[in-house]
Every structure is written in C-alpha cells, then in structure tokens.
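Heads up, the thing below is written out as structure tokens.
Every number in this text was worked out from the coordinates using simple rules, so none of it is lab data. Nothing here was measured: the structure is a model prediction, and the numbers come from that model. Using ideal geometry, Cβ is built from the backbone for each residue, glycine included, and neighbour counts are taken over all protein chains shown.
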Amino acid sequence: MSLFIETLRGKRGSRPPIWLMRQAGRYLPEYRALREKNSMLQMVMTPELACEVTLQPLRRFPLDAGIIFADILTPLIGMGANLEFKKGEGPVIDNPIRSAADVAKLRLPSPVENTPYTLDAIKLVVRELGEKTPLIGFSGAPFTLSCYLIEGQSPGDLERTKAMMVGDTATWHALQEKLVPLCVEYLVAQVEAGCRSLQLFDSWLGYLGPREYERFVQPYLTQVVSEVRARVDVPLVFFATGVSGLFPQLSKLNASAFGVDWRITLPQARSLLGRDLPLQGNLDPQLLAGPWEYVERCAREILADGATLPAHIFNLGHGVLPHTPPENVQRLVELVHSVQP
Ligand code: CP3
C-alpha cells in the first residue's frame, strides 16, 4: 500500500506524505500553455487533456498522490446548470436555482451519462501512474454545490442561499435530496474507475453557524459520507475552510481524515475535533507564494505540529495560487520528503 493511503488509514509512516490542493493549474507554465488553446471546460471534458493536466505536477515534483483534473461544478452541467468559467469572474451559472419548480427540473443522470469524460480520464491516469502513486477522486458536498446553484456566481455572503434555507425550507430540502445521490454516485463511480481515495470539498461551509449547520446541512452531509463509506473501501478526506466553530459537529462524520486550513494550528484542530484522526494541511497558500525562507519556517513548524498527531498528510490550507513560483513547490516537496523519523 502507498504511504499516502496508509497514512490516511491512520498508520504513521517514515515521513508525512505530501500532495497539494490545486497542484495542477495556472502556476505551471505547461498548464498555461494548454489553457491558451482550450477553455477550462474543454480541458475537463477531453479525457486526454484532463489526464495530461493531472500528470503535469507529478512529472515535475515527487508528490505522494495525484488528484484527477476536473471541477466540483462540472457534474452540475448534466443536472441542467448552464455552467461557464468566465475570465476574471470564475464560475457562472446563468440559470440559477431559485424556486421549487427550478429544483424539480434538475435532472439526476448516472455518472456514466453525466461525467463520462472524468471517469475516462481517471482510467487513463491510473494506467499511467500504475501502483506507485494513488489518484484522488473528489466531489463538492451538497451545501457548497447548492451555494453555486442558488447564487449563480461566486457565492459572496450567501444572501440568496441563506434566504432559501430559512425562508423556503421545503425547496432547500428538496434540493439537498437531489444533490445527495449526485455526490454519492459520483464518488463511488470515481473509485470504480480507479481512484484509491476521495476528497469531499465543502468550501463555503464556514459561512454557517453551528445551529444552521445542524438543521440544514448535517443530515445530508452525514448521508453522503456514510453511504460512500459503506459502498467503497477507500479513505475519504473531508475538507472545508473557516470551520473551527463547526469542528465539534463535523467530527461526528464518518470521515477518514479532515483537511485543516491555516487559520488554526493542527493541534488546535485536533482538540476541537476531540477525536484522533489523521489531519491534512495546513500551509497558507499565500505564504507558499512568498519568500522561500518564510515558507521553510512555516513548513518546519507544520511538520513539528504534525509529529504530535496520530497521522499527518502535508498539504496547503487551500489551493495553490496562480502566482506561486513552481520553485517553491519543488523545495517544499523536497523538504517534506527529507523528514527523518
Ligand atoms: O488540482 C486539483 O486540485 C484538481 C482540480 C480542481 C479544480 N477545482 C480545477 C480548477 C479541484 C479539486 C477543484 C475544486 C473546486 N472548484 C472547489 C473546491 C476547492 C476550493 O478551492 O475551495 C471549488 C469551490 C471550485 C469552484 C471553482 N473552480 C472556482 C471558484 C474557480 C475559479 C477560481 C480559480 O481558481 O480560477 C474554478 C476554476 C478552476 N478549477 C481552475 C482550476 C485549475 C482554474 C481554471 C483556469 O482558468 O485555468
């Protein structure tokens, strides 16, 4: 078994494994070269291109895991969302979900009908990577997907999302009930295509207080995690940002590990979770883009924090930023790899 998978299963290896969220992307000149000729959606929807982009960071750096190149929002296209990635604006959905009728219209295609391109890309990547480097599959969680579907653009302060939640509660619940099977089937299909671990992204969850989390989100998130874990025997990492106030609740999820952002230390996250689980994180991506000397200092501090945990997967607290020097990523991976037990 690989170091990454063993660590996720709670077994501390000779050193922490390392991979980086958004390890494929605009900070790499070879990504930008492909992106000049193709839109983001063309890259995701062409298995050969998605495979190539997934492999780009793995060719440069000895990372301990790959993550399939796709986006949390692409499965929404087959449900009926007109998704576009606009330059400077990020994702836009020009037919947002605002009413019960809009929810009723959402289709629920199987993953093979909905995202055949991602499943095919996974098969291509796994063939290239062989046994040595495990591939991570992923999905957005129902709450974060709802934020994009309802707001139709970068969710901002979640005005419309929260309005639906508390003001049109029946529609909110109907939407969650459609998104749960979407997420479950999509994650299971990625494992069947060859992924050896999963990550569930709930990027906007930190905008909720614990009571609204419990009332409007927890039942559905619990269902996604439990159903996936009952159906496939691979580790699942739950990732969100700004959720220290929700850790006591989140710790009830049957996740294998939790991703931690940079706003708290790993030992703080451990004590808020109140459970001994492997933690993944948590270098501030903005700092990774800065002077190497400070990156090194942070990385050593995080490694020391990680050494106090039952198991630690080195990562960032959020995704690699476009202005990050690839040189810093190279040196970071080398530093983590040089850790002596
Ligand atoms: O390398 C990887 O991590 C795998 C690929 C991946 C992408 N998006 C590719 C991408 C993953 C795992 C995601 C997850 C994702 N997408 C999340 C959850 C994690 C997080 O960042 O909180 C969210 C919220 C999205 C939605 C999304 N996609 C936004 C807000 C944006 C625009 C902002 C940006 O960084 O441009 C995207 C576009 C996107 N997804 C890009 C990439 C490489 C940039 C596309 C480009 O213009 O080349």
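Below are the figures for this structure:
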quantity: Pairwise FRET efficiency - ALA101 versus GLU212, Cβ, R0 = 35 Å, nearest 0.05; calculated: 0.90
quantity: Residue of ILE72, ILE313, ILE136 that the Gaussian network model of the chain assigns the largest fluctuation, springs spanning Cα pairs under 10 Å; calculated: ILE72
quantity: All-pairs alpha carbon distance profile, region 3-337, 20 Å steps from 0, percent; calculated: 32, 62, 6
quantity: Region 88-101 - phi-based ³J(HN,Hα) in whole Hz, Karplus 6.51/-1.76/1.60, Gly and Pro as x; calculated: x, 10, x, x, 10, 10, 8, 10, x, 8, 10, 9, 4, 5
quantity: Other-chain or far-sequence residues with amide H under 5 Å of GLN280's (modelled H); calculated: PHE258, GLY259, VAL260, ILE313
quantity: Whichever lysines have a C-alpha closer than 18 Å to that of LYS105, once near sequence neighbours (fewer than 8 apart) are set aside; calculated: LYS178
quantity: Sequence-distant lysines (8 or more away, or on other chains) whose Cα lies within less than 21 Å of LYS86; calculated: LYS37
quantity: Cut-off 19 Å, label 7 Å out along Cα→Cβ of ASP94, residues of region 4-41 by amide N; calculated: 39-41
quantity: Most positive-pole-ward Cα, PRO326, GLN249, PHE314, against dipole of region 217-341 from beta carbon charges; calculated: GLN249
quantity: Contact order relative to length of the chain, as percent, for alpha carbon pairs under 8 angstrom and 6 or more apart; calculated: 22 percent
quantity: Sum of -39500 (n - 2.57) over DSSP H runs of 4+, divided by residues of the chain (222 nm, nearest 500); calculated: -14000 deg cm²/dmol
quantity: Choice from SER146, SER110, SER197 with maximal GNM fluctuation in the chain (Cα, 10 Å cutoff); calculated: SER110
